[in-house]
Number of protein chains: 2
Amino acid sequence: MEEFLRYEHMKDEIPKISDFYKIMGDETRLEIMFLLMEAEMSVGEITKNINRDQTTISHQLRLMKKSGFVLSTRHGKYIFYSLDDHVKNIIKDTLRHLNEVGNEEK
Amino acid sequence: MEEFLRYEHMKDEIPKISDFYKIMGDETRLEIMFLLMEAEMSVGEITKNINRDQTTISHQLRLMKKSGFVLSTRHGKYIFYSLDDHVKNIIKDTLRHLNEVGNEEK
DNA sequence: ATAACATATGTACAGTTGTACATATATTAT
DNA sequence: ATAATATATGTACAACTGTACATATGTTAT
């Protein structure tokens, strides 16, 4: 087992790791992230794609920005959000394994 | 962009993915998982390592077992829990990226 | 059988979280 | 200026979740 992963070393990091996964664990935020996997997108476009109130999207984007999950740049009236590259990679890595969880082969 | 990751294809999977991350997003469960990264362990041992009531650990183990995160085998009075291998790998993959989230270099 | 220990289950309650309403602010067009 | 559009913020409330207490069940030793 990799030394750096041992429990005593991870203990202090757990709140941070937990916060990270908490943000991942919400359907609205995941929908936003999957949209932003494809391209950066304005709040309006995101709202059009997702069945939630615009203010809900806005609140979630604020939270996601504060935690470094997304970046934003204004272009005139529009504000475009994009997904952090490391978050993209974590999602990809997770999906590669996810179907197998709970299916130990033999 | 990988075709299989496009939003329309992921949309139906989102509740499942969200459920997965929800389980990851709790400090007690993460502590249990990090302990089990090292070795399989009985409920008593887990309880000794974590500052929570035995019944709390037991409730969480039940949830984690139902969702395929852990396996259990009884040895006499003791029940040993072990961590699903895919969950192990997902945790490792995540940690590899996690420190970088929100730190886009340049 | 009974005691001692290990683990599980029922329940209730406090704390957290996601949501939408109402409203505010920012930008562009007229 | 004012209107129209895009996005953000304040607030309140229902729903969900983690926890520990009390208690039950399962296992081993005597």
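Can you tell which of A:H86, A:H59, A:H75 shows the greatest fluctuation in a Gaussian network model of chain A with Cα springs below 10 Å? Taking springs between Cα atoms under 10 Å, the residue moving most is A:H75. For the residues B:E27, B:E40, B:E13, a GNM of chain B with alpha-carbon springs under 10 Å puts the largest fluctuation on B:E13. Take A:K92, push a point 7 Å out from Cα through the beta-carbon direction, and compare it with the same point in every other copy: 1.9 nm, smallest first.
When +1 charges are put on Lys and Arg Cβ atoms and -1 charges on Asp and Glu Cβ atoms, the dipole computed for the protein assembly as shown relative to its Cα centre reaches about 620 debye.
Shielding of A:9-20 by partners, i.e. mean partner chain Cβ atoms within 10 Å per residue?
Mean inter-chain Cβ contacts per residue within 10 Å come to 5.
Working note: Cα atoms of chain A, range along each principal axis, descending, whole Å: 52, 33, 21. Take each residue in B:71-79, count the other chain C-beta atoms within 10 Å of its C-beta, and the mean is 0.
Counting, for every residue in A:30-43, the Cβ atoms of other protein chains within 10 Å of its Cβ and taking the mean gives 3.
Can you classify the protein assembly as shown as rounded, prolate or oblate using the Cα gyration tensor, where a ≥ b ≥ c are the square roots of its eigenvalues, rounded means a/c under 1.5, and otherwise it's prolate if a/b beats b/c and oblate if not? Since a/c reaches 1.5 and a/b is larger than b/c, the shape of the protein assembly as shown is classed as prolate. Here the spin labels are modelled as points 7 Å beyond Cα on the Cα-Cβ line, and at B:S72 and A:K16 they lie 3.3 nm apart. Counting from the shortest, the label point at B:T56, 7 Å from Cα toward Cβ, is 3.2 nm from the same position in each remaining copy. Between B:G25, B:G68, B:G76, the GNM of chain B built on Cα springs shorter than 10 angstrom shows B:G76 fluctuating the most. When B:T28 is represented by a point 7 angstrom out along its Cα-to-C-beta vector, the spacings to that point in the other copies are 2.6 nm, nearest first.
All of the numbers you see were taken from the coordinates with simple rules; none came from a lab. Please read these numbers as outputs of a predicted model, since none were measured by experiment. Cβ: placed from backbone, ideal geometry, glycine included. Neighbour counts: every protein chain shown.
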